[in-house]
Amino acid sequence: MRGFADRNPIAVAACLLAPAGVAMFSMDPLLLALALLGGLVTFLLVGGKGGHGWTLALFCFMALLNPLTYHNGATVLFVLNGNPITLQALLYGLTAAGMIVAVMYWFRCFSHIMTSDRLMYLLGGLSPRLALLLSMTLRYVPLFGTQAKKIQQSQRALGLYKDDNIVDSFRGGLRVFSVMVTWTLENGIITADSMTARGYGLGRRTHFSLFRFTRQDALLLAAALTLTALTIWGMTGRAVAYYPTFRFDPLTTRAMTGYAAYGLLTLLPAIHIGKEALTWHCFKSRT
């Protein structure tokens, strides 16, 4: 039995990037609330851990930043140091913060599931060089940190650091950074030469892949694309104004269809995971 993370990377990428893509270009508070809820639920179900504290802090900071720096709006809540704090600026700040946090959660889900081999499978057919560059970048992010710790420990063993000297610590950090830049460039050149010598990216090539595109993957991809199209259709023409007064267009049948479609789109991974869990539970209960 294949879970959501084990599905074909094409279908998984569509299910994760479509909600984020719609949320990026919308300031509709109801739509963004669905995006944030779906992203949080999906992040928890796919095994994501941690990071909620600083995400909440970022949300609060961005939500308060707009009313403190932008004072337009008809409804004044109170005056702070001679500057009016308006309800409309606060609502806009909350919506903008919700949009950024929601997109962050969806991309955290994407980075949690889409490993380097999945990205190679996803982009290898379109652009082998881009796939190689992206795979190398993802590989060097943790490798860079590990190598930096080794160099820092080596320099400490040689006595090049003094913990009570800020200037010496700063110089030591610059030495580590200089060594790491040289090390990264050398390894990148070696890897590129090795891949070129093996003929990577020259004409059409065959490759081994563990991923298969099954009928269930096709249905999942079709569902994601259909729900995305219905969302765009339902949201087209709707306007949300924040200044000088907040205005939210009345709900129509077309708009409700768009909201319902987007709600299902954001919960599509959760529905798939719940379906697989229920199927597995029923299978175990029969044995």
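The values are calculated or read from the model by the stated rules, or taken from the named source; none is laboratory data. Being a predicted model, the structure only gives us computed values, none of them experimental. Cβ: placed from backbone, ideal geometry, glycine included. Neighbour counts: every protein chain shown. Areas reflect the complete protein model, heavy atoms only, side chains present, ligands, DNA and RNA absent. Shrake-Rupley method; radii C 1.70, N 1.55, O 1.52, S 1.80 Å.
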- [ ] Taking the options 132, 143, name whichever one is under 23 Å from residue 114 (Cβ atoms), open to solvent by less than 70 Å² (accessible area, probe 1.4 Å) and modelled with pLDDT of 80 or more.
- [x] 143
- [ ] Would you be able to say whether some residue in region 14-21 is in contact with a Lys or Arg (Cβ under 9 Å, 6 or more places away or on another chain), over 30 Å from residue 278 (Cα atoms) and open to solvent by less than 30 Å² (accessible area, probe 1.4 Å)?
- [x] no
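Need at least 3 residues that are open to solvent by less than 50 Å² (accessible area, probe 1.4 Å) and either within 30 Å of residue 133 (Cα to Cα) or touching a residue at least 40 places away in the same chain (Cβ under 8 Å) (or both) per element, so show me which helices (runs of 4 or more DSSP H) inside region 24-119 make the cut, counting only ones lying wholly within it.
Details: elements: 29-45, 52-69, 87-113.
Those helices (runs of 4 or more DSSP H) span 29-45, 87-113.
Residues checked against (1) touching a residue at least 24 places away in the same chain (Cβ under 8 Å); (2) among the small types (Gly, Ala, Ser); (3) surrounded by fewer than 11 Cβ atoms within 10 Å (Cβ to Cβ):
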position: 224; (1), (2), (3): yes, yes, no
position: 235; (1), (2), (3): yes, no, no
position: 239; (1), (2), (3): no, yes, yes
position: 246; (1), (2), (3): yes, no, no
position: 252; (1), (2), (3): no, no, no
position: 255; (1), (2), (3): no, yes, no
position: 267; (1), (2), (3): yes, no, no
position: 276; (1), (2), (3): yes, no, no
position: 285; (1), (2), (3): no, yes, yes
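Tell me yes or no: at least one residue of region 11-23 is hydrophobic (A, V, I, L, M, F, W, C), in a helix (DSSP H, G or I), farther than 13 Å from residue 102 by Cα and without any contact (Cβ under 8 Å) to a residue 60 or more places away in the chain.
Keep residues of region 11-23 that are hydrophobic (A, V, I, L, M, F, W, C), which gives 11-18, 20, 22-23.
Filter once more, keeping what is in a helix (DSSP H, G or I): 11-18, 20, 22-23.
Now narrow it down to the ones that are farther than 13 Å from residue 102 by Cα: 11-15.
Adding the requirement that they be without any contact (Cβ under 8 Å) to a residue 60 or more places away in the chain leaves none.
Checked against the condition, which is being hydrophobic (A, V, I, L, M, F, W, C), in a helix (DSSP H, G or I), farther than 13 Å from residue 102 by Cα and without any contact (Cβ under 8 Å) to a residue 60 or more places away in the chain, region 11-23 yields no hits at all.
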TODO: Filter region 216-245 for residues that are among the polar types (S, T, N, Q), touching a Phe, Trp or Tyr at 6+ places or on another chain (Cβ under 6 Å) and farther than 17 Å from residue 257 by Cα and give the result.
DONE: none
TODO: Mind telling me which of the residues 14, 5 ends up being out of contact with any strand residue (DSSP E or B) (no Cβ under 8 Å at 6 or more places or on another chain) and within 16 Å of residue 263 (Cα to Cα)?
DONE: 14
Task: Test result for residue 279, over 22 Å from residue 105 (Cβ atoms), of a type in the set (S, T, N, Q) and in contact with a Ser or Thr (Cβ under 9 Å, 6 or more places away or on another chain) - done: no
Open item on the list: So residue 162 ticks every box in (1) farther than 30 Å from residue 273 by Cα; (2) at pLDDT 85 or above; (3) open to solvent by 100 Å² or more (accessible area, probe 1.4 Å) but one. Which box is left unticked?
Closed with: (2)
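Only one residue in 75, 69 is β-branched (Val, Ile, Thr) and in contact with a helix residue (DSSP H, G or I) (Cβ under 7 Å, 6 or more places away or on another chain), so which one is that?
Working: 69 fails: in contact with a helix residue (DSSP H, G or I) (Cβ under 7 Å, 6 or more places away or on another chain).
Just a single option satisfies the conditions, and that option is 75.
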Open item on the list: Can you go through 73, 82, 47 and tell me which one is modelled with pLDDT under 90 and closer than 27 Å to residue 117 by Cα?
Closed with: 47
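When the residues of region 84-106 are filtered to those that are among the polar types (S, T, N, Q) and in contact with a helix residue (DSSP H, G or I) (Cβ under 8 Å, 6 or more places away or on another chain), which remaining residue is nearest to residue 49 (Cα to Cα)?
Pass one, region 84-106, residues among the polar types (S, T, N, Q): 86, 88, 95.
Retained after the next criterion (residues that are in contact with a helix residue (DSSP H, G or I) (Cβ under 8 Å, 6 or more places away or on another chain)): 86, 95.
On the way: 86: 36, 95: 25 Å.
The residue in question is 95.
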- [ ] List the helices (runs of 4 or more DSSP H) that sit entirely inside region 176-287 and contain at least 3 residues that are at pLDDT below 85.
- [x] 268-286
